[in-house]
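The values are calculated or read from the model by the stated rules, or taken from the named source; none is laboratory data. Worth saying up front: this structure is predicted, and the values here are computed from it rather than measured. Backbone-built Cβ (ideal geometry, glycine too); neighbour counts: all protein chains shown. What goes into the accessible areas is simple: the full protein's heavy atoms, side chains included, and nothing from ligands, DNA or RNA. Shrake-Rupley method; radii C 1.70, N 1.55, O 1.52, S 1.80 Å.
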Amino acid sequence: MEHQIIKCKTLFVGLICLLFVGCYYDVEQELYPTVNCNTTSMSYATDVVTILTNNSCISCHNNTNPQGSIKLDTYADVKINVDNGRLLGSVNHDVGFKQMPQGSTTKINQCSLDQLQAWIADGALNN
Ligand code: HEC
């Protein structure tokens, strides 16, 4: 009898452990956000345009298809949304902003966020 209770307890503890292990998953970019992420001397033409292109921002926000009346396909239009805070607000999912990319439950990866932020901190130049 005693033996069976111990067996039962062991099984129970084992199942609880499995539950936790089953719920654990890791996303490298979230666990190690700044590893191998270069944020120095960010350039509009090479870095920012690449980030906006790779995350489909430009396909939804361009001159022929400016969803939400937002255009991000020229430096001048990007700069407007930098200066009014909407670009960072939307990609950081800050309160009061529409969360971008639209239709995605997750933010763009942390390195891209850091790089956008660095480019803006350096003056958001047309470089
Ligand atoms: C699938 C199309 C789509 C994609 C991809 C997309 N957007 Fe949007 N975006 C929209 C729509 C639609 C709105 C207007 C949403 C609304 O008014 O509810 C919007 C709104 C915005 C706004 C205004 C936010 C505000 O609160 O005023 C900004 C800035 C923006 N998008 C930037 C981006 C950036 C940066 C990306 C890429 C990381 C991106 N969008 C990706 C469709 C998209």
*Under a Cβ-Cβ cut-off of 15 Å, what is the net charge of the residues other than VAL82 that fall near it, where Lys and Arg count +1 and Asp and Glu count -1?*
-3
*Keeping all protein chains in position, work out how much accessible area ILE58 exposes to a 1.4 Å probe, and write it in Å² to the nearest 10.*
40
*On average, how much area does the Cα convex hull of the stretch 27-121 cover when viewed from any direction, in nm²?*
6.3
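Please identify every one of the chymotrypsin sites (Phe, Trp or Tyr not before Pro) in the stretch 34-127 that sits in a loop by DSSP and has no more than 16 other beta carbons within 10 Å of its own beta carbon.
For chymotrypsin sites (Phe, Trp or Tyr not before Pro) across the stretch 34-127 that sit outside H, G, I, E and B with at most 16 neighbouring Cβ atoms in 10 Å, the list reads PHE97.
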*Work out the FRET efficiency for ALA76 and THR105 from their Cβ-Cβ distance, taking R0 = 35 Å, and round it to the nearest 0.05.*
0.65
_Suppose all protein chains stay in the model; what accessible area per residue would a 1.4 Å probe give for the stretch 27-121, in Å²?_
60
*Within the stretch 40-55, what residues put their amide N at less than 18 Å from the label point 7 Å along the Cα-to-Cβ vector of ASP83?*
44
_Length gained when the stretch ASN126-ASN92 is fully extended (0.36 nm per residue, less Cα-Cα span)_ = 10.0 nm
*asked:* If I ignore ligands, DNA and RNA and count only protein heavy atoms, how much of CYS60 is accessible to a 1.4 Å probe, in Å² to the nearest 10?
replied: 50
_Within the accessible area of the stretch 27-121 (1.4 Å probe), percent carbon and sulfur_ = 50
